[in-house]
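Single-structure report; data block below.
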Amino acid sequence: MTSAHRDFDSMAIRRDFPILSTQINGKPLVYLDSANTSQKPNIVIDTMSEFMRKTYAPINRSAYTLAANATELYEGARNAVAKFINANSSQEIVFTKNATEALNLLVNSWGRANLKTGDAVLLTHMEHHANIVPWQMLQQERGIELRWVPLTSDYQLDLTSLETLLTGVKVFSFTSMSNVLGTINPVEKLCAAAHAAGAIAIVDACQSVPHTHTDVRVLGADFVTFSSHKMCGPSGLGVLWGRKELLEAMPPFLGGGNMISDVRLDGFTCAELPAKFEAGTPAIAEVVGLGAAVNYLNDFGMTSIRQHEIAISGYVIEKFADRFGDDITIHGPRNPELRGATFSFAFRGIHPHDLSQVLDQSNVCVRAGHHCAKPLMKIIGANATARASFYLYNTTADVDALADALDSASDIF
Amino acid sequence: MPGIEDLYREIILDHYRTPRNRGELQPPAISSEGHNPLCGDDIRIFLDVADGVVRDVKFSGQGCSISQSSTSMMTVAIKGKTVDEVQAFVRRFKHMMTLADNDEPVDESINLGDIEALQGVVKFPVRIKCATLGWNTLLEALTEATK
C-alpha cells in the first residue's frame, strides 16, 4: 500500500468533491447515503474524462499505439486495485459489472462446479440480497441446504453455535460489515472457522473495503467481492478477488469475446486469468476511474479514513442520545470501534419513507427502506428503516444538519 | 421543488393518524397482499363481495403515511359500490396518479372526493407507488372475488 502523504483535512477533502458544493433550491447538499453509493472526487471525474478525450480505445485487442496506451492504463488500474487489497497478483483481480455480479459469478461458477444436492452453504442473517438470492436460485435448481448464522441482541453475529453450523458446510459466505446495522464482523476469525471445517470463505466486502484497510492475505479469505461505486469510483464496475488456484480451477461464467484463447466449431479453450472471467468489452473508462479512486484513497491512507469515521460515529451516537433520547432507536452497535459509520434508525414512530421525504426539504439525503436486506429487517422487527451513512467527506456539521432536519419532521407528524 | 405541504395535506394526515376500516375480515371474504419492493411496505386488503357489490372492505399491514391514508380513503370510497363502479373508480384514481392504461377508458366525471388530496403526490414521483399500493392490491382482490 502506498504510504499516505496527505493530511486528513475535512474541508480540503470536501473541496475535492464538486457535488458537495452544489446547491438545491439555494441550500447546500447534506449527502448521507454513501453506504448506498459514494460521491466522486475531481481526480476520478477528470481521469475518466481525460481518458475518454485522449486515450480511449479497445483493450487487449489491437496493435496500434492508442490501444496499447489504453490497455496500459486499464491494466495499471488492475495493479492499483491488487496492491490496494494486497493481492498476490493482479491476475487475481477480476472486474465485473458490480459486486452483485461478482457474487453471482461465484455461485454460478464455483457453486455449480462444487455443490451438489444436499450440500450445505452457510450464510448469515445480516446478508444483503446479493448474497442470498443467488444461493437461493442454486437451491431451487439443485436442492442445496442453506444455513444461517443468527444475530445476538446487540446486533453481532451469534457465533455460539458456529462450529455446529459449519459441520459439513462447503462454503461460508458472509458480509464483512452489515449495510443496515453497521456491524463489523470478525472476518479473520470467520474465515479461519470456515477453513477449520473444510469450507471455503467468501467475503462480501462492499461495505468495508471503502472504509477500512483491507489485506486479503491477512483476512485469510478465499474470495472477496466489492464495488467501485462505494469507494469513490464510478458505477457499473465490481471487483472479485480470488485465490489464484481457486479461480484457475473454476469454469468460466459468461462466455464470449476476450475470455477465450481458442474457439473452434467443436469447442473452446479458456483464456488465462483474469481474462477468463471478463467476457466481452469491459467498463474500460470505469476501470481507469477506479484506479484513480484507489490512488485518491491511498493519498490519505485507509487508517486515517477509518479513524475519521470512528470519530463521526461517536459524534452521531452522542448527538442522537443528547438531543432525542429514547425518541430515536439506532438499529446497530453503540460502540464506534465495533461499527462502521452507517446508522439505521427509527425516529418517533415516523415511517422512514415520510422521514426521508421531510429530510429532503433540508437537502439531507438518507436512504429509507429495507436496504436490500429483507430477512434482516424482519429479524430486527422493522419493515423499513431510515439510514444515514457517512464517508470521508462528511463532517460533524452534517450530523448537526441531520439532527436539525429530524426535529422539523416532528412538526409535521 | 414542490413544497412538502403539497404532499402532506391535512386530510391525508387525518387518515394516517386515524385510519378507517383498518382490520381484517374472515373467510369467505377474500384477501390479497401487496408489497412495495422499494420500501418493504406491505398491505393486505380484505374484500366481501356479494351479488356484484362490495359489502365490506378492510385493510391491514404497515406503510408510510401516503400508502396508509390512500388505502384508508379508498376503503371509505368503495364500500357499497358495485364491482364495475369500483373498477371505474380505480381507473379514475390511477389516471389522476398519471398511471392510466391508455387502452382503458377513464370516466373523468367520477368525483374522487377527499381522494383528490392525493394529487400532490404526483409532484413526488417516487411516492406514486406508495399512493397506489392499496389500489393495485384492491384490483387483485377484485379479480379474486369475481372469479
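Any read-out appearing in this document is the output of simple, stated calculations on the displayed coordinates, not a laboratory observation. Model, not experiment: these values are computed from the prediction. Cβ placement follows ideal geometry from the backbone for every residue including glycine, while neighbour counts extend to all protein chains displayed.
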**Report entry** C-alpha center-to-center spacing [the range A:339-387, the range B:34-97] in angstrom
**Finding:** 26 Å
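By count of other Cβ within 10 Å, fewest leading, how are A:MET250, B:MET74, A:MET11 ordered?
Placing the least packed residue first, the sequence is A:MET11, A:MET250, B:MET74.
Could you calculate the FRET efficiency of A:LYS244 with B:GLU5 from 1/(1 + (r/R0)^6), where r is the beta carbon distance between them and R0 is 56 Å, rounded to 0.05?
Numbers: r = 60 Å, r/R0 = 1.07.
Rounded to the nearest 0.05, the efficiency is 0.40.
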**Report entry** For q = 0.07, 0.08, 0.13 Å⁻¹, Debye-computed log10 I/I(0) when each Cα of the range A:46-299 counts as one equal scatterer
**Finding:** -0.24, -0.32, -0.81
Report summary line: Projecting the Cα atoms of B:GLN87, A:GLY182, A:ALA221 onto the charge dipole of the protein assembly as shown, where Lys and Arg contribute +1 and Asp and Glu -1 at Cβ, the residue farthest towards the positive end is A:ALA221
Query - DSSP bridge orientation in the protein assembly as shown - percent antiparallel, rounded to nearest 5 - result: 70 percent
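Strictly over 23 Å apart at the Cα level, which of B:LYS58/B:LYS129; A:LYS170/A:LYS244; B:LYS58/B:LYS123; A:LYS374/B:LYS129; A:LYS378/B:LYS147; B:LYS58/B:LYS94 would you flag in this model?
Details: B:LYS58/B:LYS129 20 Å; A:LYS170/A:LYS244 19 Å; B:LYS58/B:LYS123 28 Å; A:LYS374/B:LYS129 19 Å; A:LYS378/B:LYS147 33 Å; B:LYS58/B:LYS94 20 Å.
The pairs that break the limit, which is 23 Å between Cα atoms, are B:LYS58/B:LYS123; A:LYS378/B:LYS147.
Say R0 is 30 Å: what FRET efficiency, to the nearest 0.05, do B:ALA100 and B:GLU24 get from their beta-carbon distance? Mind dumping the intermediate values first?
On the way: r = 31 Å, r/R0 = 1.03.
The pair B:ALA100/B:GLU24 has a calculated efficiency of 0.45.
In square nanometres, what is one fourth of the surface area of the convex hull spanned by the alpha carbons of the range B:53-147? List each step's numbers first, then the result.
On the way: hull surface 24.4 nm².
Averaged projected area of the range B:53-147's Cα convex hull equals 6.1 nm².
What number, rounded to the nearest 500 deg cm²/dmol, is the helix-based mean residue ellipticity at 222 nm of chain A, given -39500 (n - 2.57) per DSSP H run of at least four residues and division by all its residues?
Details: 14 runs with 154 residues, N = 413.
So the calculated ellipticity at 222 nm is -11500 deg cm²/dmol.
State to the nearest 20 debye the size of the charge dipole of chain A about its Cα centre, where the only charges are +1 on K and R beta carbons and -1 on D and E beta carbons. Walk me through the numbers on the way to the answer.
Details: 33 positive and 42 negative charges, 128 e Å.
The dipole magnitude comes to about 620 debye.
Sort A:206-218, A:329-341 by the packing proxy (mean of other Cβ within 10 Å over each peptide's residues), most packed first.
Values: A:206-218: 21.5, A:329-341: 19.5.
Taking the mean over residues of other Cβ atoms within 10 Å, the ranking is A:206-218, A:329-341.
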**Report entry** Backbone N under 15 Å from the B:ASP107 label point (7 Å along Cα→Cβ), restricted to the range B:44-85
**Finding:** B:53-54, B:78-85
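Multiply the residue separation of A:ASP262 and A:GLU145 by 0.36 nm, subtract the distance between their alpha-carbon atoms, and state the gained length in nm to one decimal.
Full extension of this stretch gives 38.4 nm more.
Which percent, nearest 5, of DSSP beta bridges in chain B are antiparallel? Intermediate results must be reported in sequence, preceding the final value.
Details: 17 of 18 bridges.
Approximately 95 percent, going by the DSSP bridge assignments.
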Report summary line: Contour minus Cα-Cα span, A:GLU50 to A:LYS27, at 0.36 nm per residue, comes to 5.2 nm
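So for A:TYR31, A:TYR64, fewest C-beta neighbours within 10 Å to most, what's the order?
Numbers: A:TYR31 22, A:TYR64 10.
Going from sparsest to densest Cβ surroundings: A:TYR64, A:TYR31.
Given a Förster distance of 60 angstrom, what is the FRET efficiency for A:PHE8 paired with B:GLU116, based on the Cβ-Cβ distance and rounded to 0.05? The partial results should precede the final answer.
On the way: r = 54 Å, r/R0 = 0.89.
Computed FRET efficiency for A:PHE8 and B:GLU116: 0.65.
So if each residue of separation counts as 0.36 nm, and I subtract the Cα-Cα distance between A:ASP215 and A:ARG348, what length gain in nm does that give?
So the chain would gain 43.8 nm between A:ASP215 and A:ARG348.
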Report task. Enumerate the whole-percent occupancy of each 20 Å bin, from 0 to the last occupied one, for all C-alpha pair distances of the protein assembly as shown. Result -> 19, 46, 31, 4
Report summary line: Result row for chain B, helices from DSSP H with C-alpha axial extent 24 Å or more and mean Kyte hydropathy at least -1.0, is B:128-145
Query - Rounded to 5, the percent of DSSP beta bridges in the range A:46-299 classed as antiparallel - result: 50 percent
Query raised in the report: If each residue's Cβ is checked for other Cβ atoms within 10 Å, how do B:VAL90, A:VAL366 rank with the fewest at the top?
Result: B:VAL90, A:VAL366
Report summary line: A:ASN179 neighbourhood, Cβ < 11 Å, K/R = +1, D/E = -1, net charge +1
